[in-house]
Structure formats: C-alpha cells, structure tokens
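Asker: So that we are looking at the same thing, I have put the structure below in structure tokens.
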Amino acid sequence: MNLQAIKAIYMFEMYRLRRNLSQSVLAPILSTSLYFVVFGSAIGSRMADIDGVSYGAFIVPGLIMLSVLTQSISNASFSIYFPRFTGTIYELLSAPVSYIEILMGYVGAAASKSLVLALIIMATATFFVPLRIEHPVWMVVFLVLTALTFSLFGFIIGVWADSFENLQIVPLLIVTPLTFLGGSFYAINMLPPFWQAVSLLNPVVYLISGFRWSFYGAADVSLPVSLGVTLGILAACLGIVAWIFKTGYRLRN
C-alpha cells in the first residue's frame with residue numbers, strides 16, 4: 001500500500017477546501033442557518049412537537065444529512081472530473097499508484113470535507129435549537145457511512161459525466177428531491193398510509209431515519225433496517241467503482 005501516494009492525493013484535495021473556503025464552508029452554513037430561521041423559528045414555533053422533540057430540533061438531522069449528501073457528491077464528482085477534463089488524469093494513471101490508492105485519496109478527501117461541514121452545521125444548530133445526541137456512537141457510524149457512500153457515488157458521477165452540466169444533473173434532479181421527500185422536514189408517519197408506503201421506496205428515508213434515531217431515539221424505520229440499507233448502498237457503489245477500474249470506463253479513453 002503506497003501511503004505516500006494516498007496522502008499526496010488526499011492533501012491536494014483538502015487544500016482545495018482552504019482555497020475555496022467561502023464556497024465550500026460558508027455558503028452551506030449560511031443556507032442551513034436560513035433553514036433554521038425560516039423552518040425552525042418562523043414555522044416551527046407554530047407546530048406541535050414531533051415525538052416529544054421541538055420541530056426546530058427535529059429537522060437538524062435532516063438538514064445535516066442534506067448537506068452531507070450534496071457536498072459528498074459535489075466534492076467527489078468534481079475532484080475526479082476536473083483531472084479528466086484537463087487531461088492530468090493520465091499522469092496519475094501512469095504513475096505507480098494503484099486504483100485502490102487513487103480511490104482512497106479522492107473519496108477519503110471528499111468524505112472528510114463533508115464530515116467537517118456536518119460538524120460545523122451541528123455546532124451552528126446549537127445556537128438556534130436545544131440539541132441532544134442520545135446515541136453518539138451510532139451518530140458517528142451513520143455520518144461516516146453516509147459520507148463515504150455518497151462520496152463513492154459522486155466519484156461514479158464524476159467518471160460518468162462528460163461535461164460540467166452533467167455533474168449537476170443527478171444531484172439536482174434526483175438526490176436533492178429524494179432528500180427533501182425522505183423525511184428531512186417531517187416524520188413519515190405524518191403522511192397518509194399510501195404515501196407512507198411510497199416513501200419507504202426512497203432509500204434516503206432509511207439514512208435520515210437512522211441518523212435521527214441516533215439523536216432522539218425515535219425513527220420511522222427500525223435501526224437494523226436503516227443500517228442494512230445504508231450498507232447495501234455502500235456495497236452497490238463499491239461494486240460499480242470496481243467495475244469502472246476493471247474496464248477503464250471513461251478513464252483510459
């Protein structure tokens with residue numbers, strides 16, 4: 001295992017976070033703060049508690065998941081697409097660096113950025129709502145698994161995309177709507193029975209449900225099911241990435 005190569009790729013990508021601090025950190029924090037002001041204060045003050053939790057506190061896990069999902073995909077997809085766009089990817093592929101080491105460097109950096117952002121958003125939330133974490137170990141488990149899974153998903157998108165416009169298609173048209181419809185701002189049991197059944201077809205529901213359980217001990221889906229779905233998505237992404245490296249899909253040509 002070439003640890004020096006992994007470190008070089010990882011540190012190069014992490015340096016991008018410092019170069020684009022306003023875009024990478026400040027913009028998501030500002031948008032999340034607006035969610036707390038609008039939904040938590042303006043609307044939440046008029047709503048009853050959900051499972052014994054104030055509405056402002058209830059939406060915190062969903063907002064964190066929304067940021068982690070979108071930022072993991074964005075960071076990972078751009079990180080691998082830009083070298084393809086400029087042609088520098090061939091220098092990396094010709095270097096004595098294995099595909100696994102390349103993947104660990106890019107995905108590790110994208111996941112790290114998302115985790116840093118999640119912790120900052122969590123700290124920001126304490127200024128707006130009373131926040132408690134009943135199961136901190138499970139909170140970390142779901143946070144890390146989600147960041148890694150969707151960083152892998154973003155890596156796949158970055159390899160598949162053939163233009164900067166295509167980088168935004170999947171996050172904007174698929175992932176973001178699924179996140180908003182996945183219980184970020186409401187509990188699934190608040191919906192009519194038919195729409196509850198439809199919502200359970202949304203994989204993001206299981207991510208948010210498990211993550212919210214780690215905060216308040218209440219969830220729409222049982223913990224084993226949420227964890228199983230999360231690991232299933234992770235396994236599917238790993239399988240696709242393995243196929244990409246095995247065939248050289250859009251990397252060697």
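Asker: Can you list the chymotrypsin sites (Phe, Trp or Tyr not before Pro) in the range 105-182 that are in a DSSP coil and have 16 or fewer other beta carbons within 10 angstrom?
Answerer: Phe127
Asker: While we're looking at this one, here's another question. Pull out a ≥ b ≥ c, the square roots of the eigenvalues of the alpha-carbon gyration tensor of the range 37-161, then state rounded if a/c is under 1.5, prolate if not and a/b is larger than b/c, and oblate in the remaining case.
Answerer: Verdict is prolate for the range 37-161.
Asker: In nm, to one decimal, how far is the Ala95 label point from the Lys7 one, both placed 7 Å along Cα→Cβ?
Answerer: The answer from the label model is 1.4 nm.
Asker: Here's something else I'd like to know. How would you rank Glu101, Glu91, Glu134, going from fewest to most other Cβ atoms within 10 Å of each one's own Cβ?
Answerer: Fewest-to-most Cβ neighbours within 10 Å comes out as Glu91, Glu134, Glu101.
Asker: Could you please rank Leu69, Leu103, placing first whichever residue has the fewest other Cβ atoms within 10 Å of its Cβ?
Answerer: Arranged by neighbour count, lowest to highest, Leu69, Leu103 become Leu103, Leu69.
Asker: Moving to a separate point now. Just want the ordering: Met1, Met65, from fewest to most Cβ atoms lying within 10 Å of their own Cβ.
Answerer: Fewest-to-most ranking of Met1, Met65: Met1, Met65.
Asker: List the residues, sorted by chain then number, that are 5 or more residues from Ile50 or on another chain and whose placed amide H is less than 5 Å from its amide H.
Answerer: Tyr55
Bear in mind that the values in this text are calculations on the coordinates, not laboratory data. Since this is a predicted model, take the numbers as computed values, not measurements. Cβ atoms come from the backbone with ideal geometry, glycine included; neighbour counts cover every protein chain shown.
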